[in-house]
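The values are calculated or read from the model by the stated rules, or taken from the named source; none is laboratory data. Just so it is clear, the structure is predicted and the values come from calculations on it, not from any experiment. Counting neighbours? That spans all protein chains shown, and the Cβs are built from the backbone with ideal geometry, glycine included.
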Amino acid sequence: MQKRNILFFGLGLFLTIFFCGGGEKKSLSSIGAPIPNNLPVTSLSQILSEPNSYQEKEVLLEGTVGSFCSSGCEFTYQEGVNSIKVFADFGPKILKLLKKGRPIRLYGKVKGKEKPFLILLGLEIKEKEK
């Protein structure tokens, strides 16, 4: 009788863990606002050469993660030899996405007339092309 109770308890515990979140966890692949489908990709070199033309405009960039601070408050976006500072207000959870060299799609707002920077609105991990 006692073995049966232990067996049922073990089976119940297993089913509870399996169906209530003990299964496979999904990895984080985006954060922030969804990237608008109608927003064309802008090159970083365009923004850096004409920063006044992009002031307060929302842009979509495709490049890689450069360096980043340990709290996730800012990071460097890289596109070839060009880079720009990005300020993020998503707290430590963004650190799961920030890996140096990782390909990303960045949705942000351009600020700073003398030295442009971006305010992050949304970010997606871009799948590496095979």
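No other residue among 98, 121, 106 is free of Cβ contacts under 8 Å to residues at least 40 places away in the same chain, buried (at least 18 other Cβ atoms within 10 Å of the Cβ), under 14 Å from residue 31 (Cβ atoms) and touching a Phe, Trp or Tyr at 6+ places or on another chain (Cβ under 9 Å) apart from 98. If you check every pair at least six apart or on different chains, which have Cβ atoms under 7 Å apart with a residue in segment 43-69 that is more than 14 Å from residue 115 (Cβ to Cβ) and touching a residue at least 24 places away in the same chain (Cβ under 8 Å) first and a residue that is charged (D, E, K, R) and not in a strand (DSSP E or B) second? If the second residue must be charged (D, E, K, R) and not in a strand (DSSP E or B), the pairs left are 62/126; 64/102; 65/99; 65/100; 65/102; 66/100; 67/100.
Taking every residue in segment 70-86 that is polar (S, T, N, Q) and pairing it with any residue that is at pLDDT below 95 and surrounded by fewer than 19 Cβ atoms within 10 Å (Cβ to Cβ), at least 6 positions away or on another chain, the pairs with Cβ-Cβ distances below 6 Å are 76/67. Scanning segment 89-124 for residues that are farther than 15 Å from residue 59 by Cα and under 11 Å from the mean Cα position of the chain (by Cα) yields a count of 10.
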